[in-house]
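Some notes on the structure that comes next.
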Amino acid sequence: MLDAVGDLDVVVRKIRVETSEIRSFVLESASGDPLPAFEAGAHIDVYPLPGICRQYSLVNDPADKSRYVLGVKREPNSRGGSTAMHGQLTEGSRLKISRPRNNFALRANSGRSLLLAGGIGVTPLLSMAQALAAKRADFVLHYFVRSAQELAFRDFITRSAWADRVFYHFGLVPPVLNDVLDEILNAPGRDDVIYLCGPNPFMDVVRSSAEQAHWPAQSLVLEHFSAEPPKLTPGDSEFVVRLAKRGIELLVPSGKTIISVLREAGVDIKTSCEQGVCGTCLTAVIDGEPEHNDVFLSDEERESGRLMTPCVSRAKSKLLVLDL
């Protein structure tokens, strides 16, 4: 039986070539036990090689605890994650993953759900489509890709019971893209929600179209599959902390700790020693490179870059995205 806490050991049961750049990975528990439950929109941390941790959304039906399905695009400027997934893993490989976390959950709305995907951003939206279909909810999925050859999970979608709710858009760029989005987002209904995931430029266009169509700001739910650059501009000895769950950015100057900056912003984190000794304030890192100044974490935990103690530690990167 799987432990209730801690990372999971899984086996890569199947790898499928979806497009020239995208592969899907089916992961099953190494012990044969059911995997932890998750909600649509959730993601996991994957550790394909020592010192490398990447986040990937879960594609499969949340009702299916026998496996986790991921879609991974091989990035041309990969920092090692997608290259390791594509080049190092084979069917039968074993690896560690985290338990699912969800910063992109479905809302209990009474109106329509519009799922807008750009490229590999379709992965969490496919899980959402399955959950919405199971509830007989009113939804559509608009899938934007460069060409029909770049359409990942084509067979899965066409075999689904909700295939008639999926609309494909190939090779659209502004101003044609703007026109299509204006038509899709026209006349928002009461309690309608947009779920959006894709490259930052694509999401910027969608957000602009939604604003022009007078969608309420709270009706737009989005997830970045890579951290966008900070909106704040840090100086030479400063860095920006982004709180993923709250959607806010804070500037951390050289003379202040992350904890003190969070407190000034009204964000309370439980602490004790505030010397990097006890681990009470231990926080998950979603993106960025921590500068560890604690004596609590092990060398392996420091190398993974997925945890930090914000009471004393800082950032080597200009942006640090925390799971707060």
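The values are calculated or read from the model by the stated rules, or taken from the named source; none is laboratory data. Predicted model, so just to flag it, every value in this text is computed and none were measured. Glycine gets a Cβ as well: all are built from the backbone with ideal geometry, and neighbour counts include every protein chain shown.
Based on this model, can you work out whether residue 155 counts as over 14 Å from residue 141 (Cα atoms), surrounded by fewer than 17 Cβ atoms within 10 Å (Cβ to Cβ), at pLDDT 95 or above and of a type in the set (D, E, K, R)?
So residue 155 passes the test.
Give the number of residues within the range 54-101 that are polar (S, T, N, Q) and farther than 14 Å from residue 23 by Cα.
Counting residues in the range 54-101 that are polar (S, T, N, Q) and farther than 14 Å from residue 23 by Cα gives 7.
Among the listed residues 70, 115, 95, which satisfies the condition of being crowded, with 19+ Cβ neighbours inside 10 Å, more than 22 Å from residue 201 (Cβ to Cβ) and at pLDDT 95 or above?
70
Residue pairs, Cβ under 8 Å, 6 or more apart or interchain, first in the range 175-194 and free of Cβ contacts under 8 Å to residues at least 40 places away in the same chain and under 17 Å from residue 118 (Cβ atoms), second in a loop (DSSP other than H, G, I, E, B) and of a type in the set (Lys, Arg). List them.
Listed by first residue and then by second, the contacts come to nothing, as the list is empty.
When only residues in the range 1-54 that are of a type in the set (D, E, K, R) and in a strand (DSSP E or B) count, which is farthest from residue 118 (Cα to Cα)? Even if it seems obvious, please write down each step before you answer.
Our first condition is that a residue be of a type in the set (D, E, K, R); within the range 1-54, this holds for 3, 7, 9, 13-14, 16, 18, 21, 23, 28, 33, 39, 45, 54.
From what is left, the residues that are in a strand (DSSP E or B) are 9, 13-14, 16, 23, 28, 45, 54.
Details: 9: 31, 13: 27, 14: 25, 16: 20, 23: 16, 28: 28, 45: 22, 54: 20 Å.
Here the residue is 9.
If a residue has to be surrounded by 15 or more Cβ atoms within 10 Å (Cβ to Cβ) and of a type in the set (S, T, N, Q) to count, how many in the range 73-92 make the cut?
The qualifying residues number 3.
Can you confirm whether the range 95-114 contains a residue that is touching a helix residue (DSSP H, G or I) at 6+ places or on another chain (Cβ under 7 Å) and part of a loop (DSSP other than H, G, I, E, B)?
Yes, there is a match, as at least one residue in the range 95-114 is touching a helix residue (DSSP H, G or I) at 6+ places or on another chain (Cβ under 7 Å) and part of a loop (DSSP other than H, G, I, E, B).
Which of the residues spanning the range 283-314 are farther than 17 Å from residue 51 by Cβ, crowded, with 18+ Cβ neighbours inside 10 Å and of a type in the set (A, V, I, L, M, F, W, C)?
Listed by number, the residues that qualify are 296, 311, 312.
Cβ contacts < 7 Å: first residue part of a loop (DSSP other than H, G, I, E, B), restricted to the range 271-285; second residue of a type in the set (A, V, I, L, M) and surrounded by 15 or more Cβ atoms within 10 Å (Cβ to Cβ), any location; separation 6+ or different chain. Result?
The qualifying pairs are 271/259; 274/259; 275/312; 276/312; 281/259; 281/269; 282/307.
Residue by residue through the range 53-67, note down the ones that are surrounded by fewer than 16 Cβ atoms within 10 Å (Cβ to Cβ) and touching a residue at least 40 places away in the same chain (Cβ under 8 Å).
Answer for the range 53-67, where residues must be surrounded by fewer than 16 Cβ atoms within 10 Å (Cβ to Cβ) and touching a residue at least 40 places away in the same chain (Cβ under 8 Å): just 63.
Would you say residue 324 is closer than 13 Å to residue 242 by Cα, in contact with a strand residue (DSSP E or B) (Cβ under 7 Å, 6 or more places away or on another chain), crowded, with 23+ Cβ neighbours inside 10 Å and not basic (Lys, Arg)?
Answer is no for this residue.
Quick one: in the range 29-52, of everything that is in contact with a helix residue (DSSP H, G or I) (Cβ under 6 Å, 6 or more places away or on another chain) and surrounded by 22 or more Cβ atoms within 10 Å (Cβ to Cβ), which residue is modelled with the lowest pLDDT?
Here is the first cut: in the range 29-52, the ones in contact with a helix residue (DSSP H, G or I) (Cβ under 6 Å, 6 or more places away or on another chain) are 40-41, 48-49, 51-52.
If we keep only those that are surrounded by 22 or more Cβ atoms within 10 Å (Cβ to Cβ) as well, we get 40-41, 48.
Numbers: 40: 97, 41: 95, 48: 89.
Result: 48.
Report whether or not residue 178 is among the polar types (S, T, N, Q), exposed (fewer than 14 other Cβ atoms within 10 Å of the Cβ) and modelled with pLDDT of 90 or more.
No.
Quick check: is even one residue across the range 223-235 of a type in the set (Val, Ile, Thr) and either modelled with pLDDT of 95 or more or within 30 Å of residue 64 (Cα to Cα) (or both)?
No, the range 223-235 contains no residue that is of a type in the set (Val, Ile, Thr) and either modelled with pLDDT of 95 or more or within 30 Å of residue 64 (Cα to Cα) (or both).
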